[in-house]
Amino acid sequence: MKKLIFNVLIERDEDGIFVAEVPALKGCYTQAPTYEKLLPRIKEAIELCLEVSDIESLHNLSFEGVQRIEVEV
């Protein structure tokens, strides 16, 4: 069995809900009321996304950093 490592982006929305997204897997995201509940949920979401994805076509991204950008709208 092959082991894969994914970068996960985690944010908190205006209602305090944690939202996790995996950029390498299109449409792979989940949410939870606490950080502790979020981690097993995103792992499960990754596993489910991999069931329907071609592993060979995954985006091979390396983590380079996170930057917050402010814009006025």
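What lysines does Lys26 reach when the alpha-carbon gap must be under 16 Å and sequence neighbours fewer than 8 apart in one chain are set aside?
Partners within reach: Lys43.
Using the Cα atoms as the points, what is the convex hull volume per residue of the chain in Å³?
Measuring per residue, one finds 126 Å³ for the Cα hull of the chain.
State, as an integer percentage, the relative contact order of the chain based on alpha-carbon contacts under 8 Å between residues 6 or more apart.
Rounded, it is 21 percent for the chain.
Please list 13-24, 37-48 highest first by mean number of surrounding beta-carbon atoms within 10 Å per residue.
With the highest mean Cβ count within 10 Å placed first, the list reads 37-48, 13-24.
Mean residue ellipticity at 222 nm from the helices of the chain, using -39,500 (n - 2.57) per DSSP H segment of n ≥ 4 over the full residue count, to the nearest 500 deg cm²/dmol?
Only helices count here, giving -8500 deg cm²/dmol.
No value in this document is a laboratory result; all are computed from the given coordinates. All of these numbers come straight from a predicted model, not from anything done at the bench. Glycine also receives a Cβ, built like all others from the backbone with ideal geometry; neighbour counts cover every protein chain displayed.
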